[in-house]
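A.B. asks: One structure is given below, represented as C-alpha cells, and several questions about it will come after.
The values are calculated or read from the model by the stated rules, or taken from the named source; none is laboratory data. Quick caveat, the model's predicted, so the values are computed rather than measured. Methodologically, a virtual Cβ is constructed for each residue, glycine included, from the backbone with ideal geometry; neighbour enumeration extends over all protein chains shown. Ligands, DNA and RNA are excluded from the accessible area calculation, which covers all protein heavy atoms including side chains. Shrake-Rupley method; radii C 1.70, N 1.55, O 1.52, S 1.80 Å.
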Amino acid sequence: MTARKPRVLVVEDEEAIAQGLVLNLERKDYDVSLATDGAQALKMTAEEDFDLILLDVRLPEVDGFEVCRQLRERSDFTPILMLTARSQPDDIVYGLKVGADDYVIKPFDLAELLARIEVRLRRQSWKTSGEESSEGDHPTLPTRVEFGEFWVDFSTFQALTREGIVELSRKEIAVMRVFLSRANQVITRRELLTQVWELPNHPNTRVVDNVIVALRKSFEENSWRPKHIHSVRGVGYRFTP
Ligand code: CA
C-alpha cells in the first residue's frame with residue numbers, strides 16, 4: 001500500500017524550536033506545515049486536513065488551549081499533542097480537559113517526541129485506512145472499488161468524481177469504505193460515528209452530515225435526488241452502487 005505522507009501541523013511561536021521541529025519532522029518524511037500563532041492554526045485547520053497537530057500552549061493572541069477548544073467545538077477531532085511547560089503542571093490537566101490527546105513537556109527530548117508522534121500517527125492511520133479490520137466490522141474491499149461511473153481508490157485516497165480525479169479527505173475515504181462494503185444496507189449515523197469517528201455517544205452528528213454533503217457533491221448529479229447516497233429518514237443512510 002502506497003500511503004501518502006502523514007500531514008503534521010506544528011503550532012509554535014518560538015522560531016528556533018519551530019524550525020527545529022519542522023526540520024526533524026520533514027526528515028521523518030512527514031508533510032509538515034507551520035503556524036506561528038493560534039489564529040493562523042485555526043485558519044489552516046479549517047482549510048486543510050491534518051493527521052496530527054503539535055500544539056504549543058503558550059502562543060500569542062489565541063493560546064493553545066483556545067485553539068484546541070475551538071477545534072473540538074467545530075467537531076475537528078484531529079489528534080492533538082500539546083507542548084506544555086514543566087513549570088505549569090496545571091496546563092496538562094487543562095489541556096486534556098479541552099480536548100488534547102496527549103502532551104509533551106518542554107523542554108522535550110527530541111527522540112521521545114518523534115517517537116510519540118509516530119505512535120500517534122500509526123494509530124490514526126489504522127483508524128482511517130481500515131487496516132484494523134481484524135474485528136470484522138466490514139469485509140475487506142479491493143484497493144479500488146467502482147460504482148456507477150465513479151471509483152474510489154483506498155490506497156491513494158483518490159477518487160474519480162464529477163470533478164475528475166480528486167483526493168478525498170480521510171473521513172470521506174473512511175465513510176466510503178463503510179458504504180461500499182455494506183452496499184444496499186441501512187447504515188445508521190451512530191454506526192458511522194462509531195466506525196469512522198469512534199464517537200458512538202457524541203451528540204453532535206453534524207460531523208457526519210458535513211462529510212455526506214461533501215461526498216454527494218463528488219458523486220451525485222443532484223444531491224436532492226441521490227442515486228448512490230440515500231438518506232434513510234431519522235436513521236442514517238443507504239448506499240446503492
Ligand atoms: Ca510558545
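A.B. asks: Jot down the per residue volume, in cubic angstrom and as a whole number, of the convex hull over the alpha-carbon atoms of region 1-94.
C.D. replies: On the way: hull volume 10.1 nm³, N = 94.
Taking only Cα atoms, region 1-94 has a hull volume of 107 Å³ per residue.
A.B. asks: For region 144-239, what's the relative contact order in percent, using C-alpha pairs closer than 8 Å and at least 6 residues apart? Mind showing how you got there, number by number?
C.D. replies: Details: 116 pairs, mean separation 24.7, N = 96.
The value is 26 percent.
A.B. asks: Please calculate how many Å² of accessible area the chain carries per residue, with a 1.4 Å probe and no DNA, RNA or ligand atoms counted. Please report the intermediate quantities before stating the final value.
C.D. replies: Working: 12400 Å² over 241 residues.
The answer is 51 Å² per residue.
A.B. asks: How far, in degrees from 0 to 90, does helix 206-219 lean away from the longest principal axis of the Cα atoms of the chain, to the nearest 10?
C.D. replies: 50 degrees
A.B. asks: Shifting gears a bit: Report, to the nearest 10°, how far helix 170-181 tilts away from the longest principal axis of the Cα atoms in the chain, using its own Cα long axis and a range of 0 to 90°.
C.D. replies: 30 degrees
A.B. asks: Run down the aspartates and glutamates and flag those whose C-alpha is under 14 Å from the C-alpha of Lys217, throwing out any fewer than 8 positions away in its chain.
C.D. replies: Glu163, Glu167, Glu172, Asp209
A.B. asks: For the chain, what does the relative contact order come out to in percent, with C-alpha contacts under 8 Å and a separation of six or more?
C.D. replies: Working: 355 pairs, mean separation 30.9, N = 241.
Contact order relative to length: 13 percent.
A.B. asks: Give the peptides 75-84, 187-196, 216-225 in descending order of average Cβ contacts within 10 Å, highest first. Write out the running numbers ahead of the final one.
C.D. replies: Working: 75-84: 20.9, 187-196: 18.8, 216-225: 13.5.
Result, highest mean first: 75-84, 187-196, 216-225.
A.B. asks: Here's a follow-up. Select from Ser223, Pro79, Pro107 the residue farthest towards the positive end of the dipole of the chain; place +1 on Cβ of Lys and Arg, -1 on Cβ of Asp and Glu, and compute about the Cα centre.
C.D. replies: The listed residue farthest towards the positive side: Ser223.
A.B. asks: Here is a follow-up. Enter the Cα centre distance for the pair region 207-223 and region 1-47, rounded to the nearest angstrom.
C.D. replies: Their Cα centres are 29 Å away from one another.
A.B. asks: Sticking with this structure for a sec: Take the Cα of Val166, step 7 Å along the line toward its Cβ, and report every residue of region 212-233 whose backbone nitrogen sits under 19 Å from that point.
C.D. replies: Only 212-230 pass the distance filter.
A.B. asks: Highest mean first, what order results for 151-164, 61-74, 14-27 on Cβ atoms within 10 Å?
C.D. replies: Details: 151-164: 16.7, 61-74: 18.9, 14-27: 14.9.
Most protected by this proxy first, the peptides run 61-74, 151-164, 14-27.
A.B. asks: To continue, here is another question. What part of the accessible area of the chain, given as a whole %, is carbon or sulfur when the probe is 1.4 angstrom? Write down the numbers at each step before the final one.
C.D. replies: Details: 5980 of 12400 Å².
Reported share for carbon and sulfur atoms: 48 percent.
A.B. asks: Rounded, prolate or oblate: which one fits the chain, using the alpha carbon gyration tensor with axes a ≥ b ≥ c (rounded when a/c is under 1.5, else prolate when a/b beats b/c, else oblate)? List each step's numbers first, then the result.
C.D. replies: Numbers: a/c = 2.14, a/b = 1.86, b/c = 1.15.
Because a/c hits 1.5 or more and a/b exceeds b/c, the chain counts as prolate.
A.B. asks: Mind checking the angle between helix 38-47 and the chain's longest principal axis? C-alpha axes, 0 to 90 degrees, to the nearest 10.
C.D. replies: Once rounded, the angle reads 20 degrees.
A.B. asks: Further question: Mind checking which aspartates and glutamates have their Cα closer than 20 Å to the Cα of Lys97? Skip sequence neighbours fewer than 8 apart in that chain.
C.D. replies: Straight-line reach from Lys97, under 20 Å: Asp56, Asp63, Glu66, Glu73, Asp76, Glu198.
A.B. asks: Report relative contact order for region 7-122 in percent, whole number only (criteria: Cα-Cα under 8 Å, sequence separation at least 6).
C.D. replies: Details: 183 pairs, mean separation 26.1, N = 116.
Reported as a whole number, the value is 23 percent.
A.B. asks: Using a Förster distance of 22 Å, how high is the FRET efficiency between Arg190 and His230, based on the Cβ-Cβ distance and rounded to 0.05? Could you put the intermediate results ahead of the total?
C.D. replies: On the way: r = 17 Å, r/R0 = 0.79.
Calculated transfer efficiency: 0.80.
A.B. asks: Suppose only helical runs count, i.e. DSSP H with n ≥ 4. What mean residue ellipticity at 222 nm does that imply for the chain under -39500 (n - 2.57) per run, divided by all residues and rounded to the nearest 500 deg cm²/dmol?
C.D. replies: On the way: 8 runs with 92 residues, N = 241.
Helices in the chain give a 222 nm mean residue ellipticity of -11500 deg cm²/dmol.
A.B. asks: Related question: What is region 144-239 by shape, rounded, prolate or oblate, if you read a ≥ b ≥ c off the alpha carbon gyration tensor as root eigenvalues and call it rounded for a/c under 1.5, prolate for a/b larger than b/c, and oblate otherwise?
C.D. replies: Details: a/c = 1.72, a/b = 1.37, b/c = 1.25.
In terms of gyration-tensor shape, prolate.
A.B. asks: Between Arg144 and Gln88, 0.36 nm times their residue separation minus their Cα-Cα distance comes to what? Numbers along the way, then the final one.
C.D. replies: Values: separation 56, 0.36 × 56 = 20.16 nm, distance 4.92 nm.
Contour length minus the Cα-Cα distance gives 15.2 nm.
A.B. asks: Now, a different point. Take the cross-link list Lys5/Lys106; Lys43/Lys227; Lys28/Lys106 and give me the ones stretching past 29 Å between alpha-carbons. Mind showing how you got there, number by number?
C.D. replies: On the way: Lys5/Lys106 27 Å; Lys43/Lys227 34 Å; Lys28/Lys106 21 Å.
In this structure, Lys43/Lys227 lie more than 29 Å apart at Cα.
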